[in-house]
Amino acid sequence: MKPKIPDGLRAIEEKVMAEERLSAEDGMLLYATPDLNAVGYLANIVRERMCGNVAWYVRNQHINYTNVCNKLCKFCSFYVKPKDDRGYVLDPEDVKDRVERYLHVPISEIHMVAGINPKLPYSYYLDIVRAVKEVRPDVAVKAFTAIEWVQIARVAKKPLKEVMLELKEAGVSSVPGGGAEVFSDRVQDDLFWTKADSEEWLMVARTAHEVGLHTNATMLYGHIENPEERIDHLVRLRDLQDETGGFLTYIPLSFHPERTEMTDLPGPTGVMDLREIAVGRLMLDNFPHIKTFWIMNTIDISQVALWFGADDVDGTIQEYEITRRTYEETRQVLTRKQLVERIIEAGRDPVERDNLYQVLSTDREIIEETPVGIPGEIPVIS
Ligand code: V47
């Protein structure tokens, strides 16, 4: 049912109905209004226009090949410094073991990202991608954030484009959206001053698109950034997408302060999470997909997000290290059955996809895959 649209959003409603682009000022109004329901309603119009009633999901696995990182980002709870004895590097054989661990689950995408470990040579990156493909030739490897790509080109001593073509040849088939954080020098100076800046992040995405690799884009929100910075971030993504058309999906990432240097911050609320999905859908009119990453948003908020602009719920995941409750805990999984049931309960039509949004299955009746993940274990949603 149509909610009452507040006077301040009427002009935006007209633009949405006329399929006109929203301005940065419109974006600021979407952040300022207390009427989240109206923002979500408008985002849902765009979402249904672009994707109908479909909610995409993927059976995937994350592999974080090293936790050693020299970037020292204040928002990150994953990394350890180069000499820390908790540091690990998965060698190509370890990567194969990780892939073999879930061979009994028909995973279509492996998401492989990690810290910036200065010890790793160029050959390492080629070897770990080949290792995945050796064990699971049909799986799509979605690998390396922009920051890693900059590092890989540095150690390869080759132009980024050449490195991308070589890693593509080795088996990389798309690029995840991480490392973008917020495109703001002010935020960068405080939280991630050693990392590639916004221009570099956008340059990596542009180069990936030039060599035919689709990429995603993220924005980490709910820490010290402000609405102007978030809108600037979205407009710059939209501008690049106008140029290249190479982005597939936008994923707003809800900041988790646990175990970071910013534990004094409360982190985003459910209202902020839903607003970020909705503003993303409304501003990024040229992005085909908006993803809710349940690991950060929770599966409960993700169900609602499917009515606030999101058309994609990521994913079955298996293990996730970048954010987790304790250092030791990495197991974070929803089975396909659990994911599909949550999507159906939310009133959407589940469609399993691969990393390029090709349809793999529209099944609604899912037989539980046992053993799931670690053999014998049925995960419990907490
Ligand atoms: O770049 C780090 C973020 C990103 C925290 O492309 C944090 O499909 C919240 O990019 N709280 C990595 N976020 C994850 C990522 C991603 C995830 C899912 C799907 C895709 C995709 C990409 O996680 C990092 C950083 O922005 N991050 N620390 C934290 N404490």
> Roughly how many percent of the accessible protein surface of region 7-369 is carbon and sulfur, given a 1.4 Å probe and a whole-percent answer?
Replying inline: 52
> Relative contact order for region 7-369 using alpha-carbon pairs under 8 Å, separation at least 6, rounded to a whole percent?
Replying inline: 22
>> Based on alpha-carbon centroids, what's the gap between region 116-151 and region 20-74 in Å, whole number please?
In response: 27
> Between L29 and V155, what is the FRET efficiency for a Förster distance of 45 Å, r being their Cβ-Cβ separation, to the nearest 0.05?
Replying inline: 0.50
> At a Förster radius of 56 Å, what calculated FRET efficiency corresponds to the Cβ-Cβ distance of E162 and D7, to the nearest 0.05?
Replying inline: 0.55
>> Past the 17 angstrom mark, what percentage of all C-alpha to C-alpha distances in region 85-197 do you count?
In response: 58
>> Using DSSP to call loops (not H, G, I, E or B), can you name the trypsin sites (Lys or Arg not before Pro) in region 266-328 whose Cβ has at most 16 other Cβ atoms within 10 angstrom?
In response: R325
>> Leaving out ligands and nucleic acids, and using a 1.4 Å probe, what accessible area per residue does the chain come to in Å²?
In response: 40
> Using a basic spin-label model with each label point 7 Å from the Cα along Cα→Cβ, how many nm lie between D239 and I344?
Replying inline: 4.6
>> Going by amide H atoms built from the backbone, whose H comes under 5 Å of the H on M112, apart from near neighbours?
In response: I63, K142, A143, F144
>> If I build a Gaussian network model for the chain, linking alpha-carbon pairs within less than 10 angstrom, which residue out of S108, S173, S361 has the largest mean-square fluctuation?
In response: S361
> What is the spin-label model distance, in nm, from N37 to A18 if the labels are put 7 Å beyond Cα along the C-beta direction?
Replying inline: 2.8
> Each residue of region 354-368 in order: what ³J(HN,Hα) in whole Hz does its phi give by Karplus 6.51 cos²θ - 1.76 cosθ + 1.60, θ = phi - 60°, with x for Gly and Pro?
Replying inline: 9, 5, 10, 6, 7, 6, 9, 6, 10, 4, 10, 9, 10, 7, 4
> Could you state the principal axis extents of the C-alpha atoms in the chain, from the largest down, to the nearest angstrom?
Replying inline: 60, 49, 41
> Roughly how many nanometres apart are two label points built 7 Å out from the Cα toward the Cβ at N70 and E134?
Replying inline: 2.8
> Sequence-distant or interchain residues sharing an amide H contact under 5 Å with V351, placed H: which?
Replying inline: A55, W56, Y57
> How long is region 164-207 along each principal axis, judged by its Cα atoms, biggest number first, in Å?
Replying inline: 38, 15, 14
> When each pair of different Cα atoms in region 71-118 is counted once in the 1/r mean, what is the Kirkwood radius in angstroms, to one decimal?
Replying inline: 13.1
> Roughly how many whole Å is it from the C-alpha centroid of region 231-308 to that of region 76-111?
Replying inline: 25
> List the cysteines of the chain that have no other Cys Cβ closer than 4.7 Å: which are they?
Replying inline: C51, C69
>> Longer than 25 Å from Cα to Cα, which of K291/K337; K81/K195; K71/K158; K74/K158; K74/K96 are they? Say none if no pair is.
In response: K74/K158; K74/K96
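The values are calculated or read from the model by the stated rules, or taken from the named source; none is laboratory data. Keep in mind that what you see is a predicted model, and the values were worked out from it rather than measured. Using ideal geometry, Cβ is built from the backbone for each residue, glycine included, and neighbour counts are taken over all protein chains shown. What goes into the accessible areas is simple: the full protein's heavy atoms, side chains included, and nothing from ligands, DNA or RNA. Shrake-Rupley method; radii C 1.70, N 1.55, O 1.52, S 1.80 Å.
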